[in-house]
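The values are calculated or read from the model by the stated rules, or taken from the named source; none is laboratory data. Predicted, not measured: the structure shown is a model, and the values here were computed from it. Cβ coordinates were reconstructed from backbone atoms using ideal geometry, including for glycine residues, and neighbour counts include every protein chain displayed.
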Amino acid sequence: MGLEQKLQLRMQQQLVMTPQLQQAIKLLQLNHLELSELVSQEIVENPVLEEEAESRSDSMNELQQADQKPVTEDPNGEARVEGDRERNEIDWERYLEGSSSGPTAGPGIQRGGDDLPGYEQTLTRGTTLGEHLMWQLQMIPLDDDVRQAAGAIIGNLGGNGYLNCTMEEVAESEHMELSLVAAGQDTVQAHDPH
């Protein structure tokens, strides 16, 4: 009889009906009359709950003020409340000032904008081989001398990735030993090409 350990991963989806969710579902099914009756009943049963009369009185005051506005007759012979005139008239000039004169090419994209940059100006420049290799060089731990030699090698690489000069010329220009430049070359060759 052998003992055996097992580890199993099981994923399961489950809907938990919390009391708040159950109450929300119940309330959403009620019409206006049933909902007002339920709220009134809850206010009676629960002494902590109170009905706010402020919001109702504010809206009632607004309705009463609207009823008290003088009624005038417009040129067409229709009765009109004075306050409704400002609400119903639209200042089209001010409204159209903010919109563009040309048609749009899609949501948020406008055509014919002279101040917008051209296609060539929106393109991003890709990284060069030298920049990519220098970035990789900064990511690895090296001695400062080997890092400087590797940087000199990267600086003398052509666009095709070949060294434009000999190792001796790099060692002479950087005032380094040839073995140090060779270590820098080995480091650069170990990098991932772009």
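Side notes on the structure shown:
- Boolean, G151 is touching a Leu at 6+ places or on another chain (Cβ under 7 Å), under 14 Å from G130 (Cα atoms) and in a loop (DSSP other than H, G, I, E, B): no
- Pick from the stretch 118-163, criterion exposed (fewer than 10 other Cβ atoms within 10 Å of the Cβ) and among the charged types (D, E, K, R), ranking: farthest from Q189 (Cα to Cα): E120
- Among the helices (runs of 4 or more DSSP H) confined to the stretch 1-70, the ones with at least 1 residues that are modelled with pLDDT of 90 or more are located at 19-28, 32-45.
- Considering only residues in the stretch 140-162 that are over 16 Å from D192 (Cα atoms) and aliphatic (A, V, I, L, M), the one that is modelled with the lowest pLDDT turns out to be L142.
- Residue within the stretch 179-193 that is at pLDDT 85 or above, surrounded by 15 or more Cβ atoms within 10 Å (Cβ to Cβ) and hydroxyl-bearing (S, T, Y) present: yes
- Condition check for E86: at pLDDT below 75, of a type in the set (D, E, K, R), over 42 Å from the mean Cα position of the chain (by Cα) and over 30 Å from N156 (Cα atoms): no
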